[in-house]
Structure formats: C-alpha cells, structure tokens
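A short write-up of the structure that comes next.
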Amino acid sequence: MRKITYENNAYAADEGESVLDCLQRHGHDIPYGCKVGACHSCLMVASGGKPTDASQEGLRDTKRAGGYFLSCRCIPEADMTVTLPDEPVRTFETRVLERTLLNHEVIRLRLQKPAGLDYHAGQFIQLHGPKNAIRSYSLASTANVDPWLELHIRRVPFGIVSNWAHDALTEGASVTISTAMGECFYLPERRDQPLLLIGTGSGLAPLWGILRDALHSDHSAPIYLYHGGSYSDGLYLVDELRSLDARHEGFHYTPTLSRDTMEDVARGRAHEIAMRAHGNLKGWRVFLCGHPDMVKAARIAAFMAGVAMDDLYSDPFVFAPRPSAA
C-alpha cells in the first residue's frame, strides 16, 4: 500500500485507489467534479513523491514541473505528500547581499538564497516591506548558475516597497520573502524549439533569468530577445546582453526605444518590431513580460502568428495603486 500524507496525517491508499478517493474516504472535503480528469476541479500539488504520468496529462508543462496533478487520476506508485493549490504561502528570512543601480529607476537586489527555497528562473517571490506591504518581484537569477536570488526593482511613484528598497535597504539588512510562484519559466525538454522573449522596463528581469537558463541548458534552437524602453535611460544590461549575443551564435538581442533614438537601437515598440521580424511563429515558445498593455497586445499578435496557447507564457507587471490622500 502507498501512503498519502495530507495536512500532516498519513493515510494508506487501497490497491487501485486514487489520491482523491483515498482522501475522501478519510473524511477530507477535496474539491472535485467529473472524476475523469476533464474538469480539473480536483487539482492538487505533490510536495513529496512523484505524481503519475496519467495524472498530469493535459496540464501545462510548467504545472507538471511544479508538481500539480489531477488527484482523481492519480493511482499512486510511491508514497506522496500532497496539498491543495491554495495552501498558505511559506516565508523565509534572508539578508541583502548587494544593491546595484542598473539605470535611473531600477536597482538590482541580490539576496542570500535560503535553504529549502527552490525556484525556476522567471518565477516571482513576494518581498515583505514596511507597513505590512507585500509586493511581487520576478527572479532574474538562475538556480543552476547563481548562488543568490536576484531581483530588479523599479522605483514606482508613491510605491511603498519599491522606494523602501531603493532608499532604505542596505547590504546586510534582513528581509522576509516568500516561496517562488508563477508559471512563466523555461523548461529544457524542447531544446530544438525557437524562443521569442519580449520585455519592457523591468520586465527584462525574468527574461534575463530565462535566457541564461536556456543558454546554460544548451538550448539548440535560436533565441531572440527584444527589450524595449521609452527613452534611452530606460534600457539596462545592454552591454551584458550584447556580449552574450556575440558569444552565442544562436542568441540574438535587439534593444528598442519607442520615444527616443540611439545608435544601434531599433526605433519602435518592442513587440511590434519583434512581430514584424518574425512573421510565422508556429512551433515557437514565447515569453512576454512587462507593461500589461504590451503583454496583452503581444499575446494576441503571437497567437495570430501561430503560437499555440500552451507555448505562450506571460507576466504582466501590474503596480499597486497610489495610496489615497484621505
């Protein structure tokens, strides 16, 4: 018999019994609908043990990598520890290793990686700031390359956490962060699939991590990165990206400016320039990060250019509203 651990209690699953049926038999109210894997109402997460292949059929590759599975279709082949997807977010205490200004409004914050925090480049963590404010920031670091966690934090007018990070955080300071979340990340299973990465502003952060993750994984197909800003001072990591472009035959970097001109920088919006350069995107994997309007427009354009919905990954950066003056 296989053991299913849920809410710190272990239960023996009968022969041929699904995780869902086992937990329901022991009195747990696990959501479900069709019990044949069609509705996905019984989705759970395995924090220990591997879900069966059958229980992950039809799930996006990033969900499979995150341990998600359909409990109605999972006849366990080994002991498992499982949770519902909306379990409380775990937090970690860590410290600031480095603060570096990347341009006039973006700082690079490097944090000590806490033991027990696993992540994929491109996911996000929550940073706890003053006044109980919590904000989400994408991870620019790559787990297989960098010994730290890296965030690119743009200063937002009246932003409680971003201004605190820019003005008050110092090297050595203690901070609270969450476990990594999100599904906008690279998986190396399809190394022969062309990649298109489009970002604006600090939306470069997850793409910087995703790009280096793909290069570290010896991605064999071409990789194109378009990073856009309004004015020249909005770009950053230009030299580093051009250096990667020069060193890797399959990587191509294009910086863009929509309201300014600069030598060796394309004029126009990043996603529009990218779509003009790559007419047919059938079979490509696309990552879109940054301003919500850009992400929305680029998703539509990429889908119309032939990208499958399962190959469209996006992370729109929505900033907290300005606090009331009342």
Could you please give the count of residues in segment 36-48 that are surrounded by 14 or more Cβ atoms within 10 Å (Cβ to Cβ), over 12 Å from Tyr6 (Cβ atoms) and in contact (Cβ under 8 Å) with a residue 12 or more places away in the chain?
4
Right, Ala298: aliphatic (A, V, I, L, M), modelled with pLDDT of 90 or more, surrounded by fewer than 22 Cβ atoms within 10 Å (Cβ to Cβ) and farther than 30 Å from Gly129 by Cα or not?
no
Go over the candidates Gly16, Gly58, Gly33 one by one and state the one that is assigned to a loop (DSSP other than H, G, I, E, B) and without any contact (Cβ under 8 Å) to a residue 12 or more places away in the chain.
Gly33
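Considering Tyr231, Tyr226, Tyr186, which residue is surrounded by 18 or more Cβ atoms within 10 Å (Cβ to Cβ) and out of contact with any Pro (no Cβ under 9 Å at 6 or more places or on another chain)? Steps first, answer last, please.
Working: Tyr231 fails: surrounded by 18 or more Cβ atoms within 10 Å (Cβ to Cβ); Tyr226 fails: out of contact with any Pro (no Cβ under 9 Å at 6 or more places or on another chain).
Matching residue, one of Tyr231, Tyr226, Tyr186: Tyr186.
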Please find, among Val89, Val36, the residue that is among the aliphatic types (A, V, I, L, M), modelled with pLDDT under 95 and within 27 Å of Leu139 (Cα to Cα).
Val89
The listed residue being within 26 Å of Glu57 (Cα to Cα) and either buried (at least 18 other Cβ atoms within 10 Å of the Cβ) or at pLDDT below 95 (or both), out of Leu84, Leu127, Leu111
Leu84
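Do any strands (runs of 3 or more DSSP E) lying entirely in segment 65-148 carry at least 3 residues that are closer than 21 Å to Ala168 by Cβ and touching a residue at least 60 places away in the same chain (Cβ under 8 Å), and which ones are they?
91-101, 106-112
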Could you figure out which of (1) closer than 30 Å to Asp218 by Cβ; (2) crowded, with 18+ Cβ neighbours inside 10 Å isn't true of Pro147?
(2)
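The values are calculated or read from the model by the stated rules, or taken from the named source; none is laboratory data. Note that this is a predicted model, so its numbers are computed, not measured. FYI the Cβ positions are ideal-geometry reconstructions off the backbone, even for glycines, and counts take in every protein chain you see.
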